[in-house]
Amino acid sequence: MGSPLPRIVSWTDAADNIEGVQRGIQIDRCQKGEAMRNVFAIMLSLLLLLPTLPAYAEKEPTLEQLILQQHLTQKELERSLTMIREEEKQLQTDIARLDQDLNRQKLIMAAMKRHAGEVARAYYTGERVTLWSLLFDAENFNDFLLLYDFLQMLYQRDMEKLEKYQAERAKAEELQKTKQQRLSSLTALRVRFENQLKELLAVQAEKEKNLQQVSDPTAMNALMEHLVVDWQERGLPAFRTFFGVLSKVMFQIPELATPDRISSEDLFSHTLTITQDDFNRFLMSKDELFKQAKFSFDNNQLIVEGTYNQMNLRVVGTYEVVSPKELKFHINELAFDGFQLPRTTIDEMEKQFDLSFYPGMISSNIHVEGITLADQALKLRLKVDLPFGFGYGH
């Protein structure tokens with residue numbers, strides 16, 4: 001057995017220790033395969049030790065950290081490009097189906113247009129008016145009623161034809177509108193694909209350049225591969241679980257709108273103040289998951305730091321007042337074990353999980369005017385909109 005592994009303090013130390021372990025293993029030819037498997041196992045063990053280090057202790061990343069960051073970014077961009085391709089296929093399928101629906105609708109429209117045209121000509125030429133004039137030629141009241149019922153049925157049938165034509169015409173216009181929206185989405189998607197592809201190629205080129213400076217490329221490749229597998233198998237599911245639980249709890253935030261947390265400037269203007277400690281206690285009371293995380297309010301940012309399944313997670317975001325009824329949460333930073341995730345991953349999380357706050361859940365008459373997060377407190381400036389136009393806007 002070799003000597004105990006030294007304590008790892010940085011990714012550079014990790015690489016040095018890997019080289020030391022490799023130099024310290026003495027083998028003969030028949031034992032070579034088993035020894036190499038042991039070396040690989042030690043390398044992976046070293047990697048697993050690294051997340052226990054302070055994630056933000058070093059200001060300047062080492063070469064190894066930089067390469068690992070670039071590799072993770074590259075793989076996430078590749079995953080995003082795959083999702084874009086799938087979305088593009090779905091849009092193309094939708095457009096093809098809409099084309100079929102439009103062609104079918106054109107045939108229906110052509111037939112109905114002919115019937116509607118016959119009705120319109122009948123009224124334009126006075127044919128229908130002439131028929132109505134026959135009422136005055138009725139010889140008795142019974143003939144008058146029979147003729148009136150017939151003309152009324154004829155009129156109703158004429159109106160039904162015109163209404164059906166208008167309904168089918170509106171349906172055709174809606175199909176055409178939907179198709180144009182899909183085509184616009186497809187164009188925007190392709191632009192996004194091209195931009196992300198350029199970013200990916202740039203990151204990949206920089207990573208390959210940095211890899212040329214590494215003394216042991218084999219060990220570095222093993223670390224890169226394990227990091228990506230760790231992210232895909234543990235990191236990504238962990239973020240999805242975390243955001244999934246948080247998005248549900250956000251709809252229970254109105255429970256914090258208690259009288260002792262509300263101060264009033266006048267009859268219509270109020271401020272809801274939620275301290276950082278109260279917010280954390282509230283979250284922990286809702287789910288055990290939040291007992292390993294800390295939510296902080298600072299510099300108008302919501303900062304989340306914690307551990308989950310032996311991983312360090314970090315989220316930084318801001319709230320934006322997009323309407324008097326909605327505070328939208330934007331994620332600015334997402335980090336997994338000290339590694340920053342690219343914008344594509346952030347956009348994916350924002351799309352999948354709604355972390356916004358809706359003041360209307362407190363009361364339908366409540367509107368939000370602003371929000372600040374500072375000095376360990378979240379402050380919501382609220383306006384009460386009373387009936388008959390009083391309150392909001394005054």
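Overview of values
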{"quantity": "Residue match in region 332-355 (condition: in contact (Cβ under 8 Å) with a residue 24 or more places away in the chain, closer than 21 Å to LEU256 by Cα and aromatic (Phe, Trp, Tyr))", "calculated": "no"}
{"quantity": "When residues of region 279-302 are limited to those that are touching an Asp or Glu at 6+ places or on another chain (Cβ under 9 Å) and surrounded by 18 or more Cβ atoms within 10 Å (Cβ to Cβ), the one nearest to GLY370 (Cα to Cα)", "calculated": "PHE297"}
{"quantity": "Residue check, ILE346 touching a strand residue (DSSP E or B) at 6+ places or on another chain (Cβ under 6 Å) and in a strand (DSSP E or B)", "calculated": "no"}
{"quantity": "Residue that is farthest from GLU348 (Cα to Cα), among those in region 203-229 that are acidic (Asp, Glu) and touching a residue at least 40 places away in the same chain (Cβ under 8 Å)", "calculated": "ASP216"}
{"quantity": "Condition met for LEU355 (assigned to a loop (DSSP other than H, G, I, E, B) and either touching a Leu at 6+ places or on another chain (Cβ under 7 Å) or crowded, with 17+ Cβ neighbours inside 10 Å (or both))", "calculated": "yes"}
{"quantity": "Conditions (1) part of a strand (DSSP E or B); (2) over 19 Å from GLU78 (Cβ atoms); number of the one not met by SER363", "calculated": "(1)"}
{"quantity": "Number of the condition not met by SER263 [criteria: (1) polar (S, T, N, Q); (2) out of contact with any helix residue (DSSP H, G or I) (no Cβ under 9 Å at 6 or more places or on another chain); (3) assigned to a helix (DSSP H, G or I)]", "calculated": "(3)"}
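A short reminder: the numbers here are calculations on the coordinates, not readings from a lab. Since this is a predicted model, take the numbers as computed values, not measurements. Using ideal geometry, Cβ is built from the backbone for each residue, glycine included, and neighbour counts are taken over all protein chains shown.
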